[in-house]
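Peer 1: Provided herewith is a single structure, encoded as structure tokens, for subsequent inquiry.
The values are calculated or read from the model by the stated rules, or taken from the named source; none is laboratory data. Treat the numbers as computed from the prediction; the structure is a model and nothing was measured. FYI the Cβ positions are ideal-geometry reconstructions off the backbone, even for glycines, and counts take in every protein chain you see. Surface areas here come from the heavy atoms of the whole protein model, side chains and all, with no ligands, DNA or RNA. Shrake-Rupley method; radii C 1.70, N 1.55, O 1.52, S 1.80 Å.
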Amino acid sequence: MDIVTGHIGWIEIVCGPMFSGKSEELIRRLRRAKIARKRVQVFKPTLDDRYALDEIVSHGDQRMKSEVVDNAPDILKKLDWRTQVVGIDESNFFGPELVEIASQLADTGKQVILAGLDTDYLGRPFPPMPELLCLAESITKTLAICMRCGNPAKHTQRLVESNDLIVVGAAGMYEARCRRCFEPGVPKQEVLDFARQVSPET
Ligand code: ADP
Ligand code: ZN
């Protein structure tokens with residue numbers, strides 16, 4: 001509970017694949033909070049510097065000023081105690097520490113809105129999103145449009161070869177795919193690895 005306002009806090013999550021409108025939905029909710037004259041702070045991780053350093057930018061070019069933080073504890077360091085609504089974009093890049101930080105914020109009366117990828121490029125749950133989803137009061141799953149067939153898409157298809165969990169990028173490196181058209185990177189990668197084993201110079 002917020003000791004100043006007496007308001008109870010909560011956690012709401014917007015999750016789904018890339019291009020599904022998570023950032024747009026986060027921006028929409030934060031704009032509404034500002035219209036309601038609530039004090040808002042927005043954070044994003046340093047890692048995601050694709051478009052602008054001090055703004056959240058959606059793929060449809062909607063923008064909102066944000067503060068950049070290196071890690072989850074820095075959110076608490078940069079928090080103005082009067083803030084009522086805390087928005088966090090790219091939550092999946094903050095690692096396990098975000099679970100405790102989001103809980104603390106909600107326990108102290110903040111409305112916490114988290115946007116992030118729920119699955120990775122292989123379709124696996126993307127930590128710490130599963131744990132956050134269990135703690136949240138409200139969950140919205142956004143879907144994109146499959147770039148192969150036009151059906152609703154819940155997957156982020158990586159189009160470049162890499163075994164790294166995080167390869168930051170947008171158009172050209174990833175696209176949205178439905179469950180039928182999604183091709184998890186592993187089989188192709190294994191074929192490549194096998195080819196390297198049998199003829200190392202390739
Ligand atoms: P996210 O934060 O989930 O990556 P954004 O909010 O940044 O998504 O962008 C959503 C916008 O991306 C859509 O409103 C649309 O203009 C654009 N877009 C591009 N590709 C797709 C796609 N395959 N499916 C849906 N929207 C797409
Ligand atoms: Zn499809």
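Peer 1: Run the Debye formula on the Cα coordinates of the chain, all scatterers equal and no solvent, and tell me log10 I(q)/I(0) at q = 0.18 1/Å.
Peer 2: Log10 of I(q)/I(0), two decimals: -1.23.
Peer 1: Please figure out what share of the DSSP beta bridges in segment 10-142 is antiparallel and state it in percent, rounded to the nearest 5.
Peer 2: 15 percent
Peer 1: Further, regarding this structure: Taking the highest mean first, how do the peptides 107-114, 26-33 order by number of other beta carbon atoms within 10 angstrom per residue?
Peer 2: Ranking, from highest mean packing down: 107-114, 26-33.
Peer 1: Could you provide, to the nearest whole Å², the per residue accessible area of the chain with probe 1.4 Å?
Peer 2: Per residue, the chain has 53 Å² of solvent-accessible surface.
Peer 1: Each label point is 7 Å from the Cα along the Cα-to-Cβ direction; what then is the distance between the points at residue 168 and residue 104, in nm?
Peer 2: With each label placed 7 Å out from Cα toward Cβ, I get 2.4 nm.
Peer 1: Among 139, 75, 166, which one moves the most in a GNM of the chain with springs linking Cα atoms closer than 10 Å?
Peer 2: Among 139, 75, 166, the largest mean-square fluctuation in the Gaussian network model of the chain belongs to 166.
Peer 1: Leaving out ligands, DNA and RNA, what percent of the accessible area of segment 10-142 is carbon and sulfur, probe 1.4 Å?
Peer 2: 51 percent
Peer 1: Say each of residue 28 and residue 131 gets a label point 7 Å from the Cα, pointing the same way as Cα to Cβ; how far apart are those two points in nm?
Peer 2: My value for the distance between the label points is 3.0 nm.
Peer 1: Can you bin segment 56-115 into rounded, prolate or oblate? Criterion: square roots of the alpha carbon gyration tensor eigenvalues sorted a ≥ b ≥ c, rounded for a/c under 1.5, prolate for a/b above b/c, oblate for the rest.
Peer 2: Details: a/c = 1.82, a/b = 1.41, b/c = 1.29.
In terms of gyration-tensor shape, prolate.
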